[in-house]
Amino acid sequence: VKDITVLEHTLSAGSCIKPNLKLFEEYLAAQAEVAADLTWHYNETMCNQQDGTTTPKVPLHCKLRLSAFINQQQANQLLINRLKKRFSQDDVFILGNWSASMTQFHEPIHGKGWRTLLKRGRFNVYLID
């Protein structure tokens with residue numbers, strides 16, 4: 001198995017958006033060559049739990065996904081805490097309705113995550129159409 005850092009650098013060095021067909025075909029070939037080794041690495045590499053228990057080892061991709069989830073939750077809580085310091089509980093957040101002329105490939109309810117995050121932080125949130 002090749003060095004994973006080199007493989008990931010190979011993937012990140014190129015862009016999937018290429019100006020001509022020949023460069024795009026080269027990118028796809030390089031991606032196909034690297035994909036098998038990366039898939040093997042992230043599925044077969046096992047990590048120890050760091051909670052001090054004797055639980056079995058878990059795959060690396062599970063640990064990375066859990067870490068990403070935990071980091072997102074911490075960032076959301078940090079945002080809520082900063083907003084609570086800056087605004088009082090009586091303040092009102094008013095968000096405008098989002099609409100696009102070309103809605104294909106767009107998320108259907110833009111800003112829904114912000115509204116739920118602010119409501120979870122016990123702020124008054126209103127949606128104006």
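The values are calculated or read from the model by the stated rules, or taken from the named source; none is laboratory data. Keep in mind that this is a model prediction, so the values were computed, not measured. Counting neighbours? That spans all protein chains shown, and the Cβs are built from the backbone with ideal geometry, glycine included. Side chains included, ligands, DNA and RNA excluded: accessible areas come from the protein's heavy atoms. Shrake-Rupley method; radii C 1.70, N 1.55, O 1.52, S 1.80 Å.
Rounded to the nearest whole Hz, the Karplus-based 3J(HN,Hα) values (6.51 cos²θ - 1.76 cosθ + 1.60, θ = phi - 60°) of region 58-67 follow the sequence 10, x, 4, 5, 5, 5, 5, 5, 5, 4, with x at glycine and proline.
The order of the peptides 37-43, 85-91, 70-76 by mean Cβ neighbours within 10 Å, most packed first, is 37-43, 70-76, 85-91. Ordered from highest to lowest accessible area with the whole protein assembly present and a 1.4 Å probe, T10, T5 read as T5, T10. Amide H contacts under 5 Å for T45: L60, restricted to partners 5 or more places along the chain or on a different chain, H placed in the peptide plane at 1.01 Å from N.
Less than 5 angstrom separates the built amide H of F93 from those of N124, V125, Y126, all sequence-distant by 5 or more or on a different chain. In the assembled protein chains, I94 presents an accessible area of approximately 100 Å² (probe radius 1.4 Å).
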